[in-house]
Protein chains: 2
Amino acid sequence: MNNLMPEFLKLVPPSEALALLMSSLPVREPVEETIDAFHSTGRVTAQEIRAPHALPTFSRSSVDGYAVRARDTFGVCESIPGFLTITGEVPMGAKPAFSIETGQAALIHTGGMLPQNADAVVMLEYTEQTRSKEISIMRGVAPGENIILLGEDVQEGQLVVPQGIQIRPVEIGGFMALGITELRVAILPRIGIISSGDEVIPPEQEPGPGQVRDVNSNALSALVTEAGGEPVLYGIIQDKLELMKDIAAKALSECQAVVITAGSSASARDMTAETIASLGVPGVLVHGVNIRPGKPTILAVCDGKAVIGLPGNPVSAMVVAGLFVVPVIRRLLGVRVERPRAACMGRLTVNVPSQAGREDWIPVKLIPSPDWSSTGEDWLAEPIFAKSNLIFSLSAADGLFCIPLDATGVDMGELVQVFLL
Amino acid sequence: MNNLMPEFLKLVPPSEALALLMSSLPVREPVEETIDAFHSTGRVTAQEIRAPHALPTFSRSSVDGYAVRARDTFGVCESIPGFLTITGEVPMGAKPAFSIETGQAALIHTGGMLPQNADAVVMLEYTEQTRSKEISIMRGVAPGENIILLGEDVQEGQLVVPQGIQIRPVEIGGFMALGITELRVAILPRIGIISSGDEVIPPEQEPGPGQVRDVNSNALSALVTEAGGEPVLYGIIQDKLELMKDIAAKALSECQAVVITAGSSASARDMTAETIASLGVPGVLVHGVNIRPGKPTILAVCDGKAVIGLPGNPVSAMVVAGLFVVPVIRRLLGVRVERPRAACMGRLTVNVPSQAGREDWIPVKLIPSPDWSSTGEDWLAEPIFAKSNLIFSLSAADGLFCIPLDATGVDMGELVQVFLL
């Protein structure tokens, strides 16, 4: 055999490769910025957030009814109702001007502030107005009943949102309730993206014979954005080592991590490896991962920054980016509390064989199963078998499932966890 | 009983309520706009997209090796190798200047264009260079082996992305491959958001006694954005019917749908209902849904636009918005192909009772189960029992699961589908 380059150092299992990459990155706090809390969905908190005051800020009624002293209602029932004097009506949005004394009650609406000395609310349904200033009560209440106590949602100083978690619309609701209109969040980490290959041309150009359009720059850019990073495109570099090294060094200096997709030829792949190896110490950690698609992946740390060499083939590039680039972005964002990943359980429609010792990620289409229901969705998972070079095989898929390293396949009818694309 | 308004027309099951709302909305194509394809993640296609040309645009090698005529290799093996004359090397990104005749082979790299008359590629591993212009071949190949044929990914004119589907990063990859740099997508539907209640103040203000900050405007705004709409805030309206009617009419004229969150008092809720009823025909379709949280929901269609009255309590508002406002937005976006919703299966840690005849949505925290694995994630679902008025009960949750209308609860240990927040 000739011409066969020693392309792979040693194939490393994916989880081991990721652990090695992560443990080789320096432990740094993310760079922070202040943003308005209204538009913070998807951002990652750079500080823990504690309640500046208790919530609710006053004891409120959770129903429409009458605020009472609970002991005044003890023992009443429909056959032996209790009678109370109406002392007033609690205005919405203001402190009632009266307190509740023994034998008294006040009309209160949901959300109304509990008058002083009242400790429960009798629902309107269990009362009847018997005279102009009197009600009868047909059901007793315990102290605290139908009330939301001051501080029942959160206490002053309580941790409400931890540091290093991604913000969702419900957190924004919480910030509003507490009057938190500004937030410290991690800046969007800049991820440099470089494409390479003599055969690769920009997407807006018409390919000549032998040429292919650059799929990876923009698809990865979209993925980086979705993962919470800011993509910075460095274009398509021809297969010239010095040029590639210059651009890669520039990207590394301007960004917090760099992703290079190799051209598809062996020499282009070698050039990518050589470029990455030249960028800084410790350099290449992993060259070759025991995964399909994605074997020719390079993981490196150069002068404290992650540099990842992705296979040029777009399906591999997207799958591998999900497994290695996304965790790097989340690390740069300072994510400490990972939210559960979006996934669906699906029942495999066919046997899917795999080679033991290799982790396989199989694209699948999810099809509603015959016992479909809208509240407990049930899916059939139909694998899409296609050469991994075909981008539209991935576009036809809803997600990917994993056949672990040690398995030789998954049988038809088994439930698999499909991570959504 | 007195003071008890006939607040609810009739409690309607949620699925029936949604179906009624959807069937009462006019069937309209969404308004379209042209955007650049690079930044189209999350947008919804307004037209079906067909391949302008076949992909790949030429037959390519999928390995490093030698392009051959397959029949020249039939029957060869390690003990009886075949010998072929090297006629050249295929350049990357260009058409080879030669064709392959009987007895010839050409060095080709992954992604290289197949020379004329070649119909297979022998992997480098199974060849050996025997003389300066000769190789021996140790394994035969079938026609088409190690080749991606012209059009194997997609044929010219083939439907690659349907109309009415949300674009993901992988679709962007597909657009790039086909040179599609601009797209027709649905415009972001404008969703008017109105808060109401005399007790409600803007989040940046300090609440006085009895006052609460407006949680809903901004939390709903974030939810609308996430669902693909453009929120338009109309502020907090005091409980004055004419004012509320004026603002709601303005919102309805400027937006494609309107969401009003009621103040918490019965009179504020009545005012919301009266306002919505006045906005146009057919008006209120559903007043009261058999759901917890969210019973006091109003669904209406006014002059062809959806108007939804949400409960003022923020947890109810968020849950109900997910069930009714999000589908309205997706309808306005012209979504025809729904992608699977993000969900996780979790095993309940306690019994959760429910009332038959009511659909319950229970917030849960997902905790990695003891038999956790990174590829097939396994969760324990721990319900968060809290009064539904407490926004931080939702913020502590990863998602919600549903106890259907006819169930009286779900037992500890059962698997439930948790829809992520």
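Per-structure values
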read-out	value
Unique match (being touching a Ser or Thr at 6+ places or on another chain (Cβ under 8 Å) and more than 8 Å from chain A (Cβ to nearest Cβ)) among B:Ser369, B:Ser354	B:Ser354
Residue tally, condition part of a loop (DSSP other than H, G, I, E, B) and surrounded by 24 or more Cβ atoms within 10 Å (Cβ to Cβ), over the range A:294-311	4
The listed residue being among the basic types (Lys, Arg), under 30 Å from B:Gln47 (Cα atoms) and away from chain A (no Cβ under 11 Å), out of B:Arg339, B:Arg331	B:Arg331
Answer residue from the range A:110-121, given it is in a strand (DSSP E or B) and within 12 Å of chain B (Cβ to nearest Cβ) and is least open to solvent (accessible area, probe 1.4 Å) among those	A:Met113
Qualifying residue in the range B:97-105 (condition: open to solvent by less than 60 Å² (accessible area, probe 1.4 Å), under 14 Å from B:Leu124 (Cα atoms) and β-branched (Val, Ile, Thr))	no
Any hit, the range A:182-195, residues being open to solvent by 20 Å² or more (accessible area, probe 1.4 Å), among the small types (Gly, Ala, Ser) and out of contact with any Phe, Trp or Tyr (no Cβ under 7 Å at 6 or more places or on another chain)	no
Those residues of the range B:379-421 which are open to solvent by less than 50 Å² (accessible area, probe 1.4 Å) and acidic (Asp, Glu), in sequence order	B:Asp398
Residue satisfying all of: in the range B:398-416; outside any strand (DSSP E or B) and at the interface with another protein chain (Cβ under 8 Å from one of its Cβ atoms); farthest from the chain's Cα centre (by Cα) among these	B:Pro404
Selection count where residues are part of a helix (DSSP H, G or I), out of contact with any helix residue (DSSP H, G or I) (no Cβ under 9 Å at 6 or more places or on another chain) and at pLDDT below 95, scope the range A:253-288	6
Restricting the range B:272-292 to residues that are under 19 Å from B:Ser195 (Cβ atoms) and crowded, with 24+ Cβ neighbours inside 10 Å, the residue that is farthest from the chain's Cα centre (by Cα)	B:Thr275
Some residue of the range A:369-377 being in contact (Cβ under 8 Å) with a residue 12 or more places away in the chain and either of a type in the set (A, V, I, L, M) or open to solvent by 50 Å² or more (accessible area, probe 1.4 Å) (or both)	no
Candidate set: the range B:218-237, residues that are closer than 16 Å to B:Pro311 by Cα and not hydroxyl-bearing (Ser, Thr, Tyr); chosen: the one surrounded by the fewest Cβ atoms within 10 Å (Cβ to Cβ)	B:Ile236
Qualifying residue in the range B:164-180 (condition: part of a loop (DSSP other than H, G, I, E, B), more than 10 Å from chain A (Cβ to nearest Cβ) and over 30 Å from B:Ile329 (Cα atoms))	no
Inter-residue pairs, beta-carbon under 8 Å, first at the interface with another protein chain (Cβ under 10 Å from one of its Cβ atoms) and of a type in the set (A, V, I, L, M, F, W, C) and in the range A:220-243, second assigned to a loop (DSSP other than H, G, I, E, B) and open to solvent by 50 Å² or more (accessible area, probe 1.4 Å), 6+ apart	A:Ala222/B:Thr41
Residue selected from the range B:313-328 under the condition crowded, with 24+ Cβ neighbours inside 10 Å and within 11 Å of chain A (Cβ to nearest Cβ), by the criterion farthest from B:Leu390 (Cα to Cα)	B:Ala321
Selection count where residues are open to solvent by 70 Å² or more (accessible area, probe 1.4 Å) and farther than 18 Å from B:Thr102 by Cα, scope the range B:132-159	7
Output for the range A:199-217, where each listed residue is open to solvent by 20 Å² or more (accessible area, probe 1.4 Å) and part of a loop (DSSP other than H, G, I, E, B)	A:Pro202, A:Glu204, A:Gln205, A:Glu206, A:Pro207, A:Gly208, A:Pro209, A:Gln211
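The values are calculated or read from the model by the stated rules, or taken from the named source; none is laboratory data. Please read all numbers here as calculations on a predicted model, not as lab measurements. Reconstructed Cβ throughout: ideal geometry from the backbone, glycine too, with neighbour counts over all protein chains shown. Quick note on the areas: whole protein, heavy atoms, side chains included, nothing else; ligands and nucleic acids left out. Shrake-Rupley method; radii C 1.70, N 1.55, O 1.52, S 1.80 Å.
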